[in-house]
Amino acid sequence: MNSLLAWTQEGVNLFEVLETDYLLKEFGLVVKREYRRMGIGTELFRTMECMAEKFNFRVAAVVLDNPGSQGIGAKLGMTLLKERKIIDCVDGNGQKVLPTTDSEAMIQWGYFKYA
């Protein structure tokens with residue numbers, strides 16, 4: 001997963017883009033399949049906003065790798081920095097990292113800005 005995250009974020013310095021010295025970074029919120037579509041994911045993203053407010057973070061960066069979380073990100077105002085097909089991710093030897101992935105599956109990297 002580290003190589004997939006590095007590949008997704010390649011070429012973007014979020015600190016420079018957002019002119020900040022610190023940010024909240026999320027790439028591990030997951031809801032068990034039988035509990036999806038119940039608003040839990042949305043509440044997790046809103047909790048991230050509460051954490052940002054409590055600790056005075058102006059920005060939270062997110063990596064979204066499925067249509068459900070990508071829909072929530074769009075609904076809650078995520079600014080998209082980069083989007084790539086997961087199937088195109090290769091390791092240092094040129095081997096596909098996730099060769100069995102759906103050829104249309106996307107990974108998105110973006111951010112939320114808070115007041």
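Taken together, the values in this text are just the output of simple stated rules run on the coordinates, not laboratory data. These numbers come from a predicted model, not from an experiment. No Cβ is skipped: glycine too gets one built from the backbone with ideal geometry, and neighbour counts run over all protein chains shown.
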Every residue in the range 97-115 that is in a loop (DSSP other than H, G, I, E, B), out of contact with any Leu (no Cβ under 6 Å at 6 or more places or on another chain), surrounded by 11 or more Cβ atoms within 10 Å (Cβ to Cβ) and aliphatic (A, V, I, L, M), please. LEU98, ALA105
Go through GLY77, GLY73, GLY94 for me and flag whichever is surrounded by fewer than 14 Cβ atoms within 10 Å (Cβ to Cβ), touching a residue at least 24 places away in the same chain (Cβ under 8 Å) and among the small types (Gly, Ala, Ser). GLY77
Conditions: (1) in a helix (DSSP H, G or I); (2) farther than 24 Å from ALA115 by Cα; (3) touching a strand residue (DSSP E or B) at 6+ places or on another chain (Cβ under 8 Å). GLU34 meets all but one. Number of the miss? (3)
